[in-house]
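Notes follow once the structure below has been shown.
The values are calculated or read from the model by the stated rules, or taken from the named source; none is laboratory data. Predicted model, so just to flag it, every value in this text is computed and none were measured. Note that we place each Cβ from the backbone using ideal geometry, even for glycine, and neighbour counts take in every protein chain shown. These accessible areas exclude ligands, DNA and RNA; they are computed on the full protein's heavy atoms, side chains included. Shrake-Rupley method; radii C 1.70, N 1.55, O 1.52, S 1.80 Å.
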Amino acid sequence: MGAKANKIFKNTVYLYGNTAFSMFVSLLSTRLILNALGKDDFGIFCIVGGAIALLGFINGGMAGATQRFINYAEGAGLKENKIKIFNASISIHLGISLISFVVLEIAFFFFFNGILNIPTERIYAAKWIYQFSVLSTILTIQTTPYNALINAHEDLKYYSIVGFIFTFIKLIIAILIVYISTDKLILYGILTTISCLLNIIIVQTFCRFHYSECIFSPQKYFDKNIAKEMLSYASYTFLTTITSASSVYGGNIVVNNFFGTSINAAQGVASQISGQLMVFPNNLLMAINPIIGKSAGNKDYNSMIKYALTSSKLSFFILLFFAIPFILETNWIMSIWLKNIPEWAIIFCQLEVIRRLLDQLLVGLRNAINADGHIKYYSKIQSFLYILPLPITFILFSCGFQPVWLYINWILCLNIFASYNVIQQAHRYCHLNRKVFFTSLVSRCII
């Protein structure tokens with residue numbers, strides 16, 4: 001236990017060392033990019049980029065499956081299977097890349113023929129940013145198995161070094177956008193794609209030199225049974241991922257159609273702030289999740305639940321420490337950070353941060369359920385609750401309600417209603433004591 005705690009502590013320190021620099025640069029970059037692009041072009045980037053994220057759901061599900069199976073094999077002592085898991089993962093991700101490319105290119109015609117509300121004079125630039133986003137998505141998909149290896153080996157010192165380098169690249173991109181006189185939106189897409197290409201080259205090179213299981217030879221190591229098992233597991237994570245993405249991005253499209261791109265800019269600002277705040281708890285979870293997966297692999301449910309509850313508690317308090325000043329002083333912080341604050345950005349930011357806080361109470365249990373692997377029933381219920389805000393929001397906006405109701409619906413459905421399902425499934429499959437959960441975690445966090 002002491003060795004594990006020491007490993008978690010070191011990895012967390014590495015990640016937080018990078019976080020301080022990353023948060024400063026990201027907030028500065030957002031200010032520079034928003035001012036350089038203007039709120040309309042920034043809104044276009046957010047809405048088009050969201051389209052790519054929505055249709056990139058397949059990779060999100062497979063990323064979780066890859067991480068889970070590698071961690072599980074490590075915990076169960078099945079190290080000889082890791083080469084087969086890696087080869088199955090690479091092969092599957094190559095297929096995902098091809099499918100994603102075809103789907104995204106077909107979707108291109110639908111998005112730019114009636115779905116997206118973009119000013120006519122900026123459609124040309126929006127189409128370019130879409131294609132660059134597609135290429136960035138394909139490159140990111142190919143990086144997934146290698147990132148899974150790094151996380152499974154808990155080699156997060158290297159992960160932090162790479163993160164530091166690419167955070168610095170983001171700052172350079174933001175500065176170039178300000179001072180280069182061309183179509184800034186298209187230039188931003190080009191430079192972002194180049195940074196994704198550099199990322200995959202560096203990560204692949206590191207893994208091939210450091211990990212013995214990083215051998216891609218499908219003729220020798222591809223195992224159909226392992227691939228089928230991974231795809232079966234991923235199919236249920238696909239379900240929750242696509243419904244969650246559809247709810248969030250579908251809500252953005254509804255807002256776009258009712259209120260225009262300026263409101264999407266406000267959403268983009270809120271997402272930037274909440275995203276940067278989430279770096280702090282996510283770093284901790286990144287350090288603990290491999291331990292949860294390995295505990296599931298050797299059927300040590302007591303340790304798995306202990307780490308799950310601890311990760312939820314710590315991630316909640318870490319986020320709370322930074323969230324309180326942002327919630328109370330959002331107006332003052334934004335007035336310093338941004339020259340022009342988009343309408344609704346302040347209340348959007350406050351509600352989004354609150355939603356993220358509530359989410360931390362259950363994040364450890366969700367990770368434990370995924371690590372255990374019994375996710376069929378859990379995924380079906382979660383998917384229904386994830387998609388529920390979308391029709392409700394459309395009805396409310398049709399009746400004249402304000403944009404803020406999008407976030408209220410997300411909190412009710414994604415945080416309040418969905419929590420019951422998570423607790424029930426963790427009790428059923430992961431041996432969670434519900435009384436301990438409420439007394440040691442929820443009550444203390446709320447107080």
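Things to note:
- Only helical runs count toward this figure. For the chain, summing -39,500 (n - 2.57) over DSSP H runs of n ≥ 4 and dividing by all residues gives -29000 deg cm²/dmol at 222 nm.
- Relative contact order, whole percent, for the range 315-447 stands at 30, derived from Cα pairs under 8 Å and 6 or more residues apart.
- Full extension of the chain segment joining Leu98 with Leu412 gains 109.4 nm, where the gain is 0.36 nm per residue of separation less the Cα-Cα distance.
- Estimated FRET transfer efficiency when R0 is 25 angstrom, pair Asn340-Ile194 (beta carbons, to 0.05): 0.30
- Options Cys214, Tyr158, His374, ranked by Cα towards positive dipole end of the chain, top entry (Cβ charges): His374
- Computed label-point distance, nm, for sites Lys224 and Ile115 using a 7 Å Cα→Cβ extension: 3.5
- Label-point gap, in nm, between Ile180 and Ile333 - each point 7 angstrom along Cα→Cβ: 3.1
- In order along the range 408-417, the phi-based Karplus estimate (6.51 cos²θ - 1.76 cosθ + 1.60, θ = phi - 60°) of 3J(HN,Hα) comes to 4, 5, 4, 4, 5, 7, 7, 10, 6, 5 Hz; Gly and Pro are listed as x.
- Heavy-atom surface analysis with a 1.4 Å probe gives the range 233-279 a carbon and sulfur content of 61 percent of its accessible area.
- Here the ratio of the Cα radius of gyration of the chain to 2.2 N^0.38 Å is 0.96.
- Think of each Lys and Arg Cβ as +1 and each Asp and Glu Cβ as -1; about the Cα centre, that makes the dipole of the chain roughly 1120 debye.
- Each pair of Cα atoms in the range 218-371 enters the Kirkwood radius, and Stokes-Einstein at 37 °C and 0.692 mPa s then converts it into a translational diffusion coefficient of 183 µm²/s.
- Entries of Lys82/Lys313; Lys224/Lys313; Lys306/Lys380; Lys82/Lys435 with Cα pairs more than 30 Å apart: Lys82/Lys313; Lys224/Lys313; Lys82/Lys435
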